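Presented below is the structure to which this report refers.
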Amino acid sequence: MNNNVVSEVVPSAVSCVVLGATGYVGSELLALLHKNTNFTVVKAFSSAEREPVAWRAVAPQLAGNSSLIIEPWHINQLSGINVQAAFLALPHEASALIAPVLLSLGIKVFDLSGAFRFQDADVFANAYGFEHPSPQLLANAQYMLMPWLKNTVEPSVYAIPGCYPTAAILGLKPLVDAGLVVGMPVITAISGVTGAGKGANARTSFCEVSMQAYGVLNHRHQPEISQQLGTEVVFTPVLGPYARGILAVCTVQLNTELLNNRETPNALHELYRHSYAQNELVMVVNQPPAVNHVAHTAFCHVHVAHNEHTAVVTVAIDNLIMGAAGQAMQAANQVFGVDLYAGLK
Ligand SMILES: NC(=O)c1ccc[n+]([C@@H]2O[C@H](COP(=O)([O-])OP(=O)(O)OC[C@H]3O[C@@H](n4cnc5c(N)ncnc54)[C@H](OP(=O)(O)O)[C@@H]3O)[C@@H](O)[C@H]2O)c1
């Protein structure tokens, strides 16, 4: 790793800032940008409440010997510097307030929170529990689920999908789009504790973490998954006793008539291989994946098994990389027209 890239200004590189750089996702994003010479981080920010802090004090395992200093956020920090892109790894409320200000400065905004993932302001308010302060931006925000991205029209904000939705949608979209699903898919997904962010709370403390479902039938990622798949789903998240990764187990009833029309014995495996043939990060594997197979990587492993009426799709991703920072990196590579996988492999 070239540890000088973050603080050096590479002349042709896209100049960018990272907000939320002291958090789990923001620090991972700094590390990916660090490896991607198409981008130069000109500044990185914590909340306004902190003193300036060295990145290597916050995340030594990612920062190496980088001399980058993370500074307390204030809009005046951007005065007089050229910024083309901003990555927001912030709480939803903070992203919703800060993104419009950055857009007004002509900066492209990649938001990793949930603030811009819904086009409808009422659906947003129901899922997130507060009225969006800039609802006019929602209809024109672009949901950046990279393996399935089609629309390249200039949007307001580039909205990076949630971690659970990334796993669930990558697992189910090939079957749903092929019309093979009957009824509601059932998704049970286990996440490591980094999924909850760095802030201390009793539920995620070392002594309390066990194995527990939460947000049953009302988690905010359920409408996000439904919106993207175009079908209602049953989604149950589970907090698991490990640090990194999501394992999503997706069970569907199959349209047996359509399934029988597919002649090969491995019809669904072939469907998935075909669906992801052009994508270098989604790998269709021959055995159910483990989170350890993808932890700390930008890869997604997908496995599909079926009998005559039921399919079980198992998906493993790293929640902080494929489920957040990695997908943001890929989105920015796409938007700025550089190698789609730069910084990611
Ligand atoms: N964790 C995951 O697996 C994951 C996956 C996908 C998406 N996401 C989303 O990504 C975002 C960041 O998640 P995270 O897990 O990295 O959270 P985190 O570890 O709690 O980090 C939050 C970051 O935001 C900063 N911050 C907090 N309030 C702020 C404000 N009002 N203004 C400016 N900065 C502020 C914090 O700074 P201080 O350190 O100074 O408090 C910190 O740098 C969230 O929206 C989350 O839902 C997370």
Rounded to the nearest 10 degrees, the helix 163-177 long axis (Cα) sits at an angle to the longest Cα principal axis of the chain of 40
Return the single residue from A86, A213, A63 with maximal mean-square fluctuation; model: Gaussian network over the chain, springs between Cα atoms under 10 Å.
A213
Judged on accessible area alone, 1.4 Å probe, highest first, E208, E51 line up as E51, E208
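Nearest 0.05, what FRET efficiency do H274 and A202 give at R0 = 35 Å with Cβ-Cβ as r? Please list the in-between numbers first.
On the way: r = 46 Å, r/R0 = 1.32.
The pair H274/A202 has a calculated efficiency of 0.15.
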Please get the size of the charge dipole for the chain, origin at its Cα centre, with Cβ charges of +1 on Lys and Arg and -1 on Asp and Glu, quoted in debye to the nearest 20.
560
Pick out which of H221, H274, H303 has the largest mean-square fluctuation in a Gaussian network model of the chain, springs linking Cα atoms closer than 10 Å.
H274
What residues have an amide H closer than 5 Å to that of T236, excluding those fewer than 5 places away on the same chain, when H is modeled at 1.01 Å from N in the peptide plane?
I187, T188, A189
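Suppose every K and R has +1 on its Cβ and every D and E has -1 on its Cβ; what is the size of the dipole of the range 163-318 about the Cα centre, in Debye to the nearest 20?
Details: 7 positive and 10 negative charges, 96 e Å.
That gives the range 163-318 a dipole magnitude of about 460 debye.
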Mind checking which of V123, V17, V284 has the largest fluctuation in a GNM of the chain, springs on alpha carbons under 10 Å?
V123
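Below 8 Å, C-alpha to C-alpha, sequence gap of six or more: please give me the relative contact order for the range 163-318 in percent. Intermediate results must be reported in sequence, preceding the final value.
Numbers: 309 pairs, mean separation 45.7, N = 156.
Relative contact order for the range 163-318 comes out at 29 percent.
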Net +/- balance of residues flanking M144 in space, Cβ distance below 10 Å, scoring K and R +1, D and E -1
0
Intensity falloff of the chain expressed as log10 I(q)/I(0), Debye formula with alpha-carbon point scatterers, at q = 0.12 Å⁻¹
-0.84
Evaluated at q = 0.12, 0.15, 0.17 Å⁻¹: base-10 log I(q)/I(0), Debye formula over Cα of the range 163-318:
-0.51, -0.77, -0.96
Per-residue ellipticity at 222 nm for the chain, helices alone: DSSP H runs ≥ 4 residues times -39500 (n - 2.57), over residue total, nearest 500 deg cm²/dmol?
-7500 deg cm²/dmol
Please list, short to long, the whole-number percent of alpha-carbon pairs of the range 100-144 in consecutive 10 angstrom bins beginning at zero.
27, 58, 15, 0
Near the amide H of G114, under 5 Å away, which other amide H atoms are found, from residues 5 or more places off or on another chain, if H is placed in the peptide plane?
H92
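Tally up the carbon and sulfur contribution to the accessible surface of the range 163-318 as a whole percent, 1.4 Å probe, everything protein left in place. Provide the component values of the computation, followed by the final result.
Values: 3880 of 7330 Å².
Ligands and nucleic acids excluded, carbon and sulfur reach 53 percent.
The values are calculated or read from the model by the stated rules, or taken from the named source; none is laboratory data. All figures in this text were calculated on a predicted structure; none of them were measured in a lab. Glycine also receives a Cβ, built like all others from the backbone with ideal geometry; neighbour counts cover every protein chain displayed. Side chains are part of the model used for accessible areas, which takes the heavy atoms of the whole protein and leaves out ligands, DNA and RNA. Shrake-Rupley method; radii C 1.70, N 1.55, O 1.52, S 1.80 Å.
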